[in-house]
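Have a look at the structure below, then the notes.
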Amino acid sequence: MGHCLRRIGTSAALLALAACAGPKPKAVAVLHYQHVANAHEIRFTNPIPLSAALYRVGYLSPVDSQGFWAIFVLCNVDVNEHAQRGFHYSVNGFRVRHEGKEYGGLPPYSLRYQGQLDLNNTGDTMPILDAVAAEIQEGPPEQVFHSGFYPDLNYRFAIFVPKALANYAGEELTLTYKGQPAILVGNGKPPSDLHAVGGTAAGVAAACVPPSP
């Protein structure tokens, strides 16, 4: 249990204690992250072909003007010494949770191509996800972390939030993980709000900063 409580703040430690001592499965790992940005448009260095458009698409924006991509950086991973099979990290396992709802994946007809009337369909899901990852993502899509502490990872990824979040004022969003039990702890820094990222647009923070006191 002492290992489970290592390297996290007091309030997070209480949460870890509850997770470790309760009847639910013990957390395999503690993941520290930073919510670095909310981006309202993704631009591609090289325009991509998509089935729903007769042209190569140079940028995407949400159909809902209040939608955005929440961009996160995984700072470090601390895997329980009793995790025999380690922790299986998959970038597709992360979700944003806000007021009881979870967001992740790419719903059809939620993105507009280059400001036109063309919208994404299910056949374009994987090409879009791959293209966004090529612009935003840092680090491997999957990795197995065995017992131990892994600092300074700086694995970056984006999660699409297709519409406005109720009562959201730009603060750090809660990140969750689907799969093995894990405790996720944000560093408390609010994200930047960016009109666009990728291609020739503004850059995005690529490394975590120390947590807020």
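The values are calculated or read from the model by the stated rules, or taken from the named source; none is laboratory data. Small disclaimer: the values here were computed from a predicted structure and weren't measured. Quick reminder, even Gly has a Cβ in these numbers, built from the backbone with ideal geometry, and neighbours come from all protein chains shown. Each accessible area value is taken on the protein alone, full model and side chains, heavy atoms only, with ligands, DNA and RNA left out. Shrake-Rupley method; radii C 1.70, N 1.55, O 1.52, S 1.80 Å.
Quantify, in whole percent, the carbon and sulfur part of the accessible surface of the chain (1.4 Å probe; protein heavy atoms only).
C and S atoms contribute 54 percent here.
Any idea of Asp118's accessible area? Nearest 10 Å², probe 1.4 Å.
Its heavy atoms expose roughly 50 Å² to the probe.
Suppose each label sits 7 Å from its Cα in the direction of the beta carbon; what would the Asn46-Asn92 distance come out to in nanometres?
With each label point 7 Å from Cα toward Cβ, the separation is 2.3 nm.
List the aspartates and glutamates whose Cα lies under 16 Å from the Cα of Lys26, skipping any in the same chain that are fewer than 8 positions away.
Asp78, Glu81
Relative contact order for the chain: what percent, with Cα pairs under 8 Å and sequence separation of 6 or more?
It comes to 32 percent, rounded to a whole number.
Which value, in Å to one decimal place, does the Kirkwood hydrodynamic radius take for the chain when every pair of different Cα atoms is included?
By the Kirkwood definition, the hydrodynamic radius is 18.1 Å.
Using a probe radius of 1.4 Å on heavy atoms only, what accessible surface per residue do you get for the chain? Whole Å² is fine.
That works out to 51 Å² for each residue.
In segment 92-117, which residues have a backbone nitrogen under 16 Å from the label point lying 7 Å from Ala166's Cα in the Cα-to-Cβ direction?
97-103
Suppose the chain between Leu129 and Leu54 were pulled fully straight at 0.36 nm per residue; how much longer would it get relative to their current alpha carbon spacing?
Length gained between Leu129 and Leu54: 25.1 nm.
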